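This report concerns only the one structure given below.
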Amino acid sequence: MSHEPPFAIDALELGPMENFVYLIRDRASGRAAVVDPAWEVGRVLELARERGVRITDVLLTHSHHDHVNGLREVLEVTDARMHLLKEEARFWGRHLDLPTLHHGGDVIELGDTSIEVLHTPGHTPGSACYRIGDRLITGDTLFVYGCGRCDLAGGDPERMYATLRRIAEHFPRETVIHPGHNYAATPTSTLAEQIAGNPFLHFDNVRRFVEYRMHYHDRHRGSPYGPVAPGEEMP
């Protein structure tokens, strides 16, 4: 008996900020969802053609320009439905009339593939992660050995701390992380590896986390990110 999952996930690294754009493909229906279309939309469309799938959905992890600057082009050439969290639409100030606005815990059905929408605030108020089987597409919430900034508009380090704690505490250790940027020595990682080596998952004190995220990390650590041993985050 085959244990092949009903879906496959392809990643393209695009643009000057090393964005990952994902194509989630449902094997049975031939439908596909693009996550965070940006930069070189032609390459995303070509990948869909190569894989023999049609793009029926667009999933946004958040509304920052580097994750949505290809959105209009995708919607112009497909009949895709766009999905984002209602709180992010409010923050963005756009698309509040969409019938496909979501709340955390909603499930998007892509053929035989179920995609759970998670509300993971911190980078923006309505940041989302998408759970597909044992995979977690994390946008700018959780990077491999890093996490998203909290000093941009809508960022909140205390909410980020709570979000990362929930992910670390409630998801299986074998969950595979698919981040929004290629900032690490490896493009993907398991949650177990992140709990062991991601400095942002080592804090059990919100004050220390905020100090590290807002004032220490970006001055002392650069990409490509690698693992940091617990206790070695900062002096």
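General observations
- Segment Glu46-Arg81, length gained on full extension (0.36 nm per residue, minus Cα span): 10.7 nm
- Dipole magnitude of the chain about its Cα centre (Cβ charges: Lys, Arg +1; Asp, Glu -1), debye to nearest 20: 200 debye
- Arranged from fewest to most other beta-carbon atoms within 10 Å of their beta carbon, Ser223, Ser63 become Ser223, Ser63.
- Charge dipole of the stretch 7-220 about the Cα centre (unit charges at C-beta), most positive-ward option of Phe203, Leu118, Thr61: Phe203
- Cβ-to-Cβ counts within 10 Å put Glu40, Glu233, Glu46, Glu76 in ascending order as Glu76, Glu46, Glu40, Glu233, the fewest first.
- Computed as a quarter of the hull surface, the mean projected area of the alpha carbon convex hull for the chain stands at 12.6 nm².
- Principal-axis tilt of helix 157-170 within the chain, Cα atoms, nearest 10 degrees: 70 degrees
- Where trypsin sites (Lys or Arg not before Pro) fall in DSSP loop in the stretch 133-235, at most 15 other Cβ within 10 Å: Arg173
- Amide H contacts of Thr61 (H built 1.01 Å from N, under 5 Å, at least 5 apart or other chain): Asp36
- Each part gets one Cα centre, and for the stretch 128-157 versus the stretch 159-235 those centres are 10 Å apart.
- Applying 1/(1 + (r/R0)^6) with r as the Cβ-Cβ distance of Ala8 and His103 and R0 = 22 angstrom yields a FRET efficiency of 0.20.
- A simple rule links phi to the HN-Hα coupling: the Karplus curve 6.51 cos²θ - 1.76 cosθ + 1.60 with θ = phi - 60°, which for the stretch 135-147 gives 10, 9, 8, 10, x, 9, 7, 10, 9, 5, 6, x, 8 Hz, with x for Gly and Pro.
- With θ taken as phi - 60° and the Karplus curve 6.51 cos²θ - 1.76 cosθ + 1.60 applied, the whole-hertz 3J(HN,Hα) list for the stretch 57-65 is 9, 10, 10, 10, 7, 6, 10, 4, 3 Hz, x standing for glycine and proline.
- Rounded to the nearest whole Hz, the Karplus-based 3J(HN,Hα) values (6.51 cos²θ - 1.76 cosθ + 1.60, θ = phi - 60°) of the stretch 43-53 follow the sequence 5, 5, 5, 5, 4, 4, 5, 4, 7, x, 10, with x at glycine and proline.
- Mean separation of Cα contacts under 8 Å (6+ apart) over length of the chain, as relative contact order %: 14 percent
Values in this text are rule-based calculations from the coordinates and carry no lab data. Keep in mind that this is a model prediction, so the values were computed, not measured. Note that each Cβ is placed from the backbone with ideal geometry, even for glycine, and that neighbours are counted across all protein chains shown.
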